[in-house]
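Enquirer: Take this structure, written in C-alpha cells, and hold onto it; I'll ask about it next.
The values are calculated or read from the model by the stated rules, or taken from the named source; none is laboratory data. Note that this is a predicted model, so its numbers are computed, not measured. Don't worry about glycine lacking a Cβ; one is built from the backbone with ideal geometry, like all the others, and counts go over all protein chains shown. Note: areas computed on protein heavy atoms with side chains; ligands, DNA, RNA excluded. Shrake-Rupley method; radii C 1.70, N 1.55, O 1.52, S 1.80 Å.
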Amino acid sequence: MPFDSHFHLGRLPHPKKLAQILAESGYAYNAVACEPAEWESLWKIWLDLHLRDKGCNIAFGIHPMSVLQAKESHKQELRSFLEQGDSFMVGETGLDRRFPEYSPGGQQEKWFLFQAKLALELKRDLQIHCVGDYGRIISLLKQTGFGKNPNGPRPIFHRFGGDIGIARQILDMNGLISVHPSTLAKKTSRLAVVEIPKERLLFETDADENFWNEADSADASAIAVESIAQRLLDILRDVREAAENL
Ligand SMILES: [Zn+2]
C-alpha cells in the first residue's frame, strides 16, 4: 500500500475531495499542517473522513518559514490539537537558511526547541525540516533528549539532503529518513540512501501549493483533483522504485 510520509493536503485544491479520492485508491499518508491557520481545517477533514481508519496521520506544527507569524498563544493551541489524537505527530519544524531568523538562538531555533520538547513530553514523533545545518539540528535534538529512550519518539528527517555521516547520526538517535525525489538528485544523499536499512526509510512527495501549480495551471476542478491524485501516486511509486533500485 502506498504511504506518503510527508505531504501538505491542506495546501492542495479541494483537500477534502482529494482526501476522498486518495482514500479510495488506498493511498495513505502523513498530512502536514505547519502553519496555525491550517490546523483546524485539516483536523476537520481528518474527523469527517475517518482518516485514522484509512492508515493516515497528521502532523501539527510551525514551519521555520512561518516563525514570524507564530505567537505565544499558538503554543497552547498546538498542544490542544495534538491532544485530540494520540497518533498525531509534531511538525514540520526545523531550520532553513533561506528564511529569516535562521541564526543560532533565533526564532527558528526557539520554535524548533519548543516543538521538540513538546514531542518528547507527549511521546510523539517529530517531522523535521532541515535546509542548511544538520549538525545544529542533531545537537539540539540530543540536548532535548531525543535518542535516549529506544522506544521513545523518533525524529523523522523529511526530504533528506544529508550525507552518510549525518544519516548514521540520525539512525543512532532512533530516527527515520524520508526520501523525496530531490534526495535522489543529490549524489551524497543518494549514496547515503543505499546504506540506510530499509526499515528506517520512508518515501514522500512533499506536495504543496507549488505541486498543484505544476500539475495543472487551470482552475481547480474535479478533474484536476483526480489528476493530482494520480500524479501523487506516480511520484511516490517512482521515488520508491528509484531508491530500491539504487
Ligand atoms: Zn513539507
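Enquirer: Going down the table (LYS44/LYS71; LYS44/LYS123; LYS110/LYS186; LYS110/LYS148), which pairs top 27 Å between alpha carbons?
Expert: Working: LYS44/LYS71 23 Å; LYS44/LYS123 23 Å; LYS110/LYS186 29 Å; LYS110/LYS148 21 Å.
As for pairs spanning more than 27 Å Cα to Cα, those are LYS110/LYS186.
Enquirer: Just reorder TYR29, TYR102, TYR134 by solvent-accessible area, largest first, 1.4 Å probe, all chains present. Mind dumping the intermediate values first?
Expert: Details: TYR29 0, TYR102 50, TYR134 25 Å².
Most to least solvent-accessible, the answer reads TYR102, TYR134, TYR29.
Enquirer: To check my understanding: the extent here is largest minus smallest coordinate of the Cα atoms along each principal axis. What are those three numbers for the chain, in Å, largest first?
Expert: Result, largest extent first: 48, 46, 34 Å.
Enquirer: Output the relative contact order of the stretch 55-190, whole-number percent, from Cα pairs under 8 angstrom with separation of 6+ residues. Don't skip to the end; give the middle numbers.
Expert: Working: 228 pairs, mean separation 26.7, N = 136.
Relative contact order here is 20 percent.
Enquirer: Here's something else I'd like to know. State, as an integer percentage, the relative contact order of the chain based on alpha-carbon contacts under 8 Å between residues 6 or more apart.
Expert: About 20 percent, as a whole number.
Enquirer: Please give the peptides 107-119, 55-67 ranked by average Cβ packing (other Cβ atoms within 10 Å per residue), highest first, as a rough proxy for protection. Write down the numbers at each step before the final one.
Expert: Numbers: 107-119: 21.7, 55-67: 23.5.
The densest-packed peptide leads the list: 55-67, 107-119.
Enquirer: Continuing with this model, one more query. Express in nm, to one decimal, how much length is gained between HIS14 and GLN143 on full extension, taking 0.36 nm for each residue of separation and deducting their alpha carbon distance. All intermediate terms of the calculation are to be shown ahead of the outcome.
Expert: Values: separation 129, 0.36 × 129 = 46.44 nm, distance 4.05 nm.
Result for the pair: 42.4 nm of gain on full extension.
Enquirer: Relative to the Cα centre, what is the charge dipole magnitude of the chain, using +1 at the beta carbon of each Lys and Arg, -1 at the beta carbon of each Asp and Glu, and rounding to the nearest 20 debye? Kindly include the intermediate steps, with their values, before the conclusion.
Expert: Values: 29 positive and 34 negative charges, 166 e Å.
Using Cβ point charges on Lys, Arg, Asp and Glu, the chain gives about 800 debye.
Enquirer: For the chain, what does -39500 (n - 2.57) per DSSP helix run (n ≥ 4), summed and divided by total residues, give at 222 nm, in deg cm²/dmol to the nearest 500? Don't jump to the answer; show the numbers that get you there.
Expert: Details: 10 runs with 113 residues, N = 246.
That calculation yields -14000 deg cm²/dmol at 222 nm.
Enquirer: Let me ask something else. Could you work out the Rg to Rh ratio of the stretch 5-142, with Rh taken as the Kirkwood radius (inverse of the mean 1/r over all Cα pairs)? Working shown, then result.
Expert: On the way: Rg = 14.9 Å, Rh = 15.2 Å.
Ratio of gyration radius to Kirkwood radius: 0.98.
Enquirer: Which distance in nm do the two modelled labels at LEU113 and ASP163 give, with both placed 7 Å along the Cα-to-Cβ direction?
Expert: The modelled label-to-label distance comes out at 2.9 nm.
Enquirer: Okay, moving on. Mind ranking SER25, SER189 by accessible surface for me, highest first, 1.4 Å probe? Please list the in-between numbers first.
Expert: Working: SER25 55, SER189 0 Å².
I get SER25, SER189, largest accessible area first.
Enquirer: LYS75 to LYS123: FRET efficiency via 1/(1 + (r/R0)^6), r the Cβ-Cβ distance, R0 25 Å, to the nearest 0.05? The partial results should precede the final answer.
Expert: Working: r = 18 Å, r/R0 = 0.72.
That gives a FRET efficiency of 0.90.
Enquirer: Which far-off residues, 5 or more places away or on another chain, put their amide H under 5 Å from the one on GLY91, with H placed in the peptide plane?
Expert: Amide H neighbours of GLY91, under 5 Å, 5+ apart: PHE60, GLY61, ILE62, GLN127.
Enquirer: Tell me, what ³J(HN,Hα) does each residue in the stretch 89-97 have, in order and in whole Hz, if you take phi through Karplus 6.51 cos²θ - 1.76 cosθ + 1.60 with θ = phi - 60° and put x for Gly and Pro?
Expert: Result, rounded to whole Hz: 9, 9, x, 7, 9, x, 10, 8, 5.
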